[in-house]
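The structure under discussion appears below in the form of structure tokens.
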Amino acid sequence: MRMSRRSLKLFTGLFCTVFLTKILGFSTAAKAAETVVLRYGLLAESISLAELQKAAEVGDFRGDFKLYGRSLPTQERRLLLSTLKMPIELNVVTVNRLLNTQIGTTILNDFSSAVVRKDKAGVQAIRAGLVLGSTAPQGLSLLNFIAAYPSPRLEIDLPRLFKIAGNLNTGFWRTQQFILAIAPLLNQQPLKVSLPFDPSEAGTSQVQVRQFNWNDQARQRQIPVDVYWSTAATATKPVIIFSHGLGSVRTDLRYLAQHLASHGYVVAALEHPGSNQANVDAGLRGKNRLLKPQEVLERPKDVSFVLDELAKLNQSADSPLSGKLATDNAMIVGYSFGGGTALALAGAELQLDKLKQRCQKNLTLLSLGETAQCVAQELPHNSYLLRDTRIKQAIALNPTTSLMFGDTGLTKVQVPTLIWASSADKTTPALTEQVVGFQKIPAPKWLVGVLGGTHLSIKDPSTTLDQAGQPNTPFSGGEVVGDQAADVRKYLKAIVLAMAAQLTPEAKEYTVFLTPDYAQAASTKEFPFRLVTEIPPDALKVVQDYIDK
């Protein structure tokens, strides 16, 4: 298992702090751990706390230790020794807030599974050890945690511990720091604003769906499209276009399309034939490439083509939507890889020179979102502008931005833009894929942070049924979906409706829902939400530290 020194430092900090909660004390009369048992498969060996401290100081175990000296793989032995004295990087208050979320509870339970305790009081004992360990003069470390653990014996399952460590990465933990730095504290003073209505509630109009299969003859592409609308549809409201993620389908955000249509918006959810689920499935069977480089350019063109077809529909006398489609006043909503598509349509320039350098090495260290962007390295030119001036607003949900837009591509975004970021997103890690890029986008802009949300949390529950039983790995699994993520989808419905309304005469009525106050009001214990238009100094420091390192 490969881990850089920086990763080791972060891992150590999280192992030592991620369990801290509001508990500020524990029975100090309990005996601290004097003996540590490290178990590796069928092998187990005891070591005293004093010997463990000595090993950490000298950087190796005594030669007469069978497990630590000979049986434990060299890399894992070094990992263990390196983590023992590393200081924490997350403060106690920040970690406490993390633990009061759904993802924090999951992390706590994962780590507690690596500590064996016969009295089954593992989680409580871990919390106590960490709280007491943090009072040491030199601060909290793994050694101080062990020393303060309220039992004379502590047994650790090393393979389990290493597996958990492998599932955590620098970008993930930096993201937790950032989201927590902007996340609201619940149960603060009452809001100073009044909420006129609940934008997450469905409108009064009955939604209808019409399916089309439009043929772009010039590009020889069939574009399936689902158009959602109701009798409340009017040309005073923008047309909304949905662009799905890589390997996905046009029904990804079906619940959101229905919600918007019930409020009088026309929503066109298209399917990109070169990067949808059918194409990726065929690629996995060896029938074609998973993703062709040209697809990065074709996706924005798909959206422009659909707007052309909707404009024709608007002029068709026999269409129930005739005269109701404001195709020159459109909003694009893109998810994941589609988020990058949305930003390109909003004016962001594809800048591929550095992408081509980055994607030629260290491919195994890339996230799935970065890997998808790397396909663009095969394109012949280094820059592309794909803006469609009919797009007047953009929403990018968990978008890919880290490589494809280079250093300055996002500075060319021409329309108001909202970026959605989830703290536990492994596919498109929030810090690298959304937060760093958000800094470059010109105002007006909004950044929504969802503490505890994962990459798939916003998807329609019907499209995430395959997540049950998926293994938790560094790149996938551990998704919070379905009923567990209902609060996330509820807030998304409200925020997207509020954004769409900014292109209508009702804009002022919905402005309150695009504020930090409303984000706090919509927050739940499991999912604190935060909305900012500029990154505050404390959180900006996290971003800058990441960039500098």
The correct count of residues that are among the β-branched types (Val, Ile, Thr) and touching an Asp or Glu at 6+ places or on another chain (Cβ under 7 Å) in region 512-539 is 1
On the given criteria, is VAL450 more than 20 Å from the chain's Cα centre (by Cα), at pLDDT below 95 and surrounded by 18 or more Cβ atoms within 10 Å (Cβ to Cβ)? no
Write out, first by first residue and then by second, each pair whose Cβ atoms fall under 6 Å of each other, whose residues are 6+ apart or on separate chains, and whose first residue, in region 485-506, is in the same structural domain as LEU418 (by TED's automatic domain parsing) while the second is surrounded by fewer than 22 Cβ atoms within 10 Å (Cβ to Cβ) and of a type in the set (D, E, K, R). LEU503/LYS392
Tell me which of these SER457 doesn't satisfy, since it passes every other one: (1) crowded, with 24+ Cβ neighbours inside 10 Å; (2) touching a residue at least 60 places away in the same chain (Cβ under 8 Å); (3) out of contact with any Gly (no Cβ under 6 Å at 6 or more places or on another chain). (2)
When you look at SER319, is it outside any helix (DSSP H, G or I), among the polar types (S, T, N, Q) and in the same structural domain as ILE223 (by TED's automatic domain parsing), yes or no? yes
Restricting to region 284-309, give me the number of residues that are part of a helix (DSSP H, G or I) and either at pLDDT below 95 or not assigned by TED's automatic domain parsing to the domain that holds VAL249 (or both). 1
In region 238-253, what residues are over 16 Å from ILE395 (Cβ atoms) and either out of contact with any Pro (no Cβ under 8 Å at 6 or more places or on another chain) or not assigned by TED's automatic domain parsing to the domain that holds ALA326 (or both)? LEU246, GLY247, SER248, VAL249, THR251
So LEU313 fits all but one of (1) modelled with pLDDT of 95 or more; (2) under 28 Å from the mean Cα position of the chain (by Cα); (3) aliphatic (A, V, I, L, M); what number is the exception? (2)
Considering only residues that are more than 20 Å from the chain's Cα centre (by Cα) and part of a strand (DSSP E or B), look in region 333-353 and name the one that is farthest from THR389 (Cα to Cα). GLN351
Taking ALA485 as the residue in question, decide whether it is buried (at least 24 other Cβ atoms within 10 Å of the Cβ), closer than 21 Å to HIS259 by Cβ and of a type in the set (Gly, Ala, Ser). yes
Going by the conditions given, is THR408 in contact with a Lys or Arg (Cβ under 9 Å, 6 or more places away or on another chain), under 22 Å from LYS354 (Cα atoms) and at pLDDT below 95? no
The condition from (1) surrounded by 15 or more Cβ atoms within 10 Å (Cβ to Cβ); (2) part of a loop (DSSP other than H, G, I, E, B); (3) not small (Gly, Ala, Ser) that THR204 misses is numbered (1)
Just name the residue that is surrounded by the most Cβ atoms within 10 Å (Cβ to Cβ) out of those in region 327-347 that are touching a Ser or Thr at 6+ places or on another chain (Cβ under 8 Å) and among the aliphatic types (A, V, I, L, M). LEU343
Take LYS312 and tell me if it is surrounded by 14 or more Cβ atoms within 10 Å (Cβ to Cβ) and in the same structural domain as VAL266 (by TED's automatic domain parsing). no
Test GLY469 against the criterion of being touching a Phe, Trp or Tyr at 6+ places or on another chain (Cβ under 8 Å), assigned to a loop (DSSP other than H, G, I, E, B) and assigned by TED's automatic domain parsing to the domain that holds THR533, and give yes or no. no
What number goes with the only condition from (1) of a type in the set (Gly, Ala, Ser); (2) out of contact with any Gly (no Cβ under 7 Å at 6 or more places or on another chain); (3) surrounded by 24 or more Cβ atoms within 10 Å (Cβ to Cβ) that GLY477 does not pass? (3)
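The values are calculated or read from the model by the stated rules, or taken from the named source; none is laboratory data. Note that this is a predicted model, so its numbers are computed, not measured. Glycine also receives a Cβ, built like all others from the backbone with ideal geometry; neighbour counts cover every protein chain displayed.
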